[in-house]
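No lab work stands behind these numbers, since they all come straight from the coordinates. Not measured: the values here are computed from a predicted model. Cβ placement follows ideal geometry from the backbone for every residue including glycine, while neighbour counts extend to all protein chains displayed.
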Amino acid sequence: MVLNQKFDIYCAGKFISTGNPLDVLNPFDGSLVAKTCLAGNEELELALNGAAAVAQQLADCPSYVKYNILMQISNELKALREQFAEVIMLESGKPVRYALAEVDRSIQTFIVAAEESKRLPSESLSIDWTAAGIGKEGFVKYFPVGIVGGIAPFNFPLNLAVHKIAPAIAAGCPIILKPSSLTPLSTLMLAQIIDHTSLPKGAVSVLPMDRQTGNKLVTDERISLLSFTGSPEVGWKMKRDAGNKKVVLELGGNAGVIISNGADIDLAVAKCVTGGFAYSGQVCIHTQRIYVLEAFCKEFVSKFVERAKLLIAGNPSDPLTEVASMIDEANADRVEKWVGDAIKSGATLLCGGSRKNSFMQPTVLTGTHENMMVCSAEVFGPVVVIEAVNSVDEAISRVNSGRFGLQAGVFTDSISEMNLAFNKLNVGGVIINDVPTFRVDHMPYGGVKDSGSGREGVKYAILDMMEPRLLVKNG
């Protein structure tokens, strides 16, 4: 299907076209979805100047005005729910059932941002803790940090962009958003909604860019905060190159799940299959490594593989489809090679393992070890590793091994095991009786080690986009 529309980029409150065309292709069949264009240095400069011109106006914007703007965006997004889902499905290859869920989350993210815009942080401060403070009174108020540069990935092309745009509006910060050049259409559609609001023109720009131009969001000193979602190799280099600006990084992981003796096996299997193979595993908190207590590992593996084989693969436009193509053939080829390397190194293939073009079969491995790429790296594909362990302590140690620490899931009926996992797992979030793939959009979301720094989740992103200023009154 081809969308009968050319998408202009959104630069400083205007929709414009450039001389650098960009064709957006459907990952499922390689067909043309729509045409847009890439912004260059000239457009980025216009966006930076536009953002600077309205920065004070946006900072002075009353809470009720920001609330109304954010709710208007949410309501218009809700009215166009099916259209947005179709565009996400076409540009990313995401099954339409998951595309609809992404739109619903984006709607909710704007609602949360609207609510948070009414309670931006402030506090009174007692100054007279020493004699020097007698007669003095303190007040702390948070101010917008300035222009935000946001870089969003392909896997949640709308909602991960919204997780940068909505908090910026709530905090009173102008934002320049670079969507993935593979999936820019849903964010450009969102810009059409934003343009209908009373938000100052220039407060939001959406600019697909090549890496060279986009890297100026990292290096330009006029940008006060960089928010990046993507690979650790790119993210940490950005932080090194970012100069004095604040940097928030969400860099993914290889999320682990622990299945304890007291777990509901059928529940754990159902949750883990979804967490492992939704959107072909192209999720930062994709369920990648599962550690099962030895006593019932064989039962878990049998039920898991049986259920994985029943997943419906097909055209992402079909409401029944659960697994479709990956974002491109290069990534599917990479995943196939990682699986092949693991098998050559002694792993056992339980199901899947084959690729056709950009479609990679849901794949389950066992008998792996921690220096295999399927264990140590972020697969970002439909591959799950299941291993038996002798104790929860061993499982925690296995989850903690390696460079990532985003989220982990623990299936247990034991309060002591829950507390042990929460205190010992070196991750940003522990999810009990669910998979690490679980996320709601107001919770703090982020990780430790190579999984990044800072937190997303609307309230927590707003805090990163603001800075405290102290007033001390005498008398």
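Close amide H pairs (under 5 Å, H built 1.01 Å from N) link Ile175 with Val148, Val204, Ser205, residues at least 5 positions away or on another chain. Once C-alpha pairs closer than 8 Å and six or more residues apart are averaged by separation and normalised to the residue number of region 48-182, the relative contact order reads 31 percent. For region 326-381, the calculated P(r), taken from all Cα-Cα distances in 10 Å bins from zero up to the bin holding the longest distance, is 27, 58, 16 percent. Across the chain, the mean sequence separation of Cα contacts (distance under 8 Å, 6 or more residues apart), normalised by length, yields a relative contact order of 18 percent. Taken about its Cα centre, the chain carries a charge dipole of about 700 debye when Lys and Arg each add +1 at the Cβ and Asp and Glu each add -1 at the Cβ. Across region 166-177, computed HN-Hα scalar couplings (Karplus, 6.51 cos²θ - 1.76 cosθ + 1.60, θ = phi - 60°) run 4, x, 5, 4, 4, 6, x, 10, x, 9, 10, 10 Hz from first to last residue, x flagging Gly and Pro. Close amide-amide hydrogen proximity is noted between Leu38 and Asn20, Leu22, each under 5 Å apart and 5 or more residues distant or on a separate chain (H modeled in the peptide plane; Pro and chain starts excluded). Hydrodynamic estimate: the Kirkwood radius of the chain over Cα pairs, inserted into Stokes-Einstein at 20 °C and 1.002 mPa s, corresponds to D of 92 µm²/s.
Residue by residue, region 397-406 carries 3J(HN,Hα) couplings of 4, 5, 4, 6, 5, x, 8, 9, x, 8 Hz when phi is fed to the Karplus relation 6.51 cos²θ - 1.76 cosθ + 1.60 (θ = phi - 60°); x denotes Gly or Pro. I'd like the orientation of helix 329-344 relative to the chain: the angle between its Cα long axis and the longest Cα principal axis, in ° from 0 to 90, rounded to 10. Rounded to the nearest ten degrees, it is 40. Cross-link pairs exceeding 25 Å in C-alpha to C-alpha distance, out of Lys178/Lys201; Lys271/Lys298; Lys245/Lys424; Lys239/Lys271, comprise Lys245/Lys424; Lys239/Lys271. Considering only the chain, what is the antiparallel percent among its DSSP beta bridges, to the nearest 5? Around 45 percent of the beta bridges assigned by DSSP in the chain are antiparallel ones. To the nearest ten degrees, helix 415-424 and the longest principal axis of the Cα atoms of the chain are 60 degrees apart. Could you tell me whether region 186-225 comes out rounded, prolate or oblate from its Cα gyration tensor? Rule is a ≥ b ≥ c as square roots of the eigenvalues, rounded for a/c under 1.5, then prolate if a/b exceeds b/c, otherwise oblate. Verdict is oblate for region 186-225. Please give the FRET efficiency for Glu45 paired with His196, using the beta carbon to beta carbon distance and R0 = 25 Å, rounded to the nearest 0.05. Efficiency computed from Cβ-Cβ geometry: 0.45. Quote the FRET efficiency, to the nearest 0.05, computed for Lys239 versus Lys136 with a Förster distance R0 of 45 Å and r equal to the Cβ-Cβ distance. With a Förster radius of 45 Å, E is 0.70.
Around the amide H of Leu226, modelled in the peptide plane, lie the amide H atoms of Gly149, Lys246, Val247, Val248, all under 5 Å away and 5 or more residues distant in sequence or on another chain. Taking every alpha-carbon pair under 8 Å whose residues sit at least 6 apart, region 256-440 reaches a relative contact order of 30 percent. Extension gain for Asn400-Asp413 works out to 2.5 nm (0.36 nm per residue, less the C-alpha to C-alpha distance). Each of Trp236, Trp129 has some number of other Cβ atoms within 10 Å of its Cβ, and from fewest to most they run Trp129, Trp236. In the chain, a dipole from Cβ-located charges (positive for Lys and Arg, negative for Asp and Glu) runs towards its positive end, and of Gly235, Gly409, Ala99 it is Gly235 whose Cα lies farthest in that direction. Taking other Cβ atoms within 10 Å as a rough exposure proxy, Thr187, Thr366, Thr348, Thr219 sort from fewest to most as Thr348, Thr219, Thr366, Thr187. In order along region 80-91, the phi-based Karplus estimate (6.51 cos²θ - 1.76 cosθ + 1.60, θ = phi - 60°) of 3J(HN,Hα) comes to 10, 3, 5, 5, 5, 4, 4, 5, 4, 4, 5, 7 Hz; Gly and Pro are listed as x. Could you tell me which of Gly429, Gly262, Asn419 has its Cα farthest along the dipole of region 256-440 towards the positive end, charges placed at Cβ (Lys, Arg +1; Asp, Glu -1), taken about the Cα centre? Of the options given, the answer is Gly429. Hull volume per residue, based on the alpha-carbon atoms of region 256-440 and their convex hull, is 108 Å³.
Panel order for Glu45, Glu417, Glu86, by other beta carbons found within 10 Å of each beta carbon, from fewest to most: Glu45, Glu86, Glu417. Peptide packing for 336-342, 459-465, 131-137, 196-202 was compared via the average number of neighbouring C-beta atoms within 10 Å per residue; ordered from the highest value, the list is 459-465, 336-342, 196-202, 131-137.
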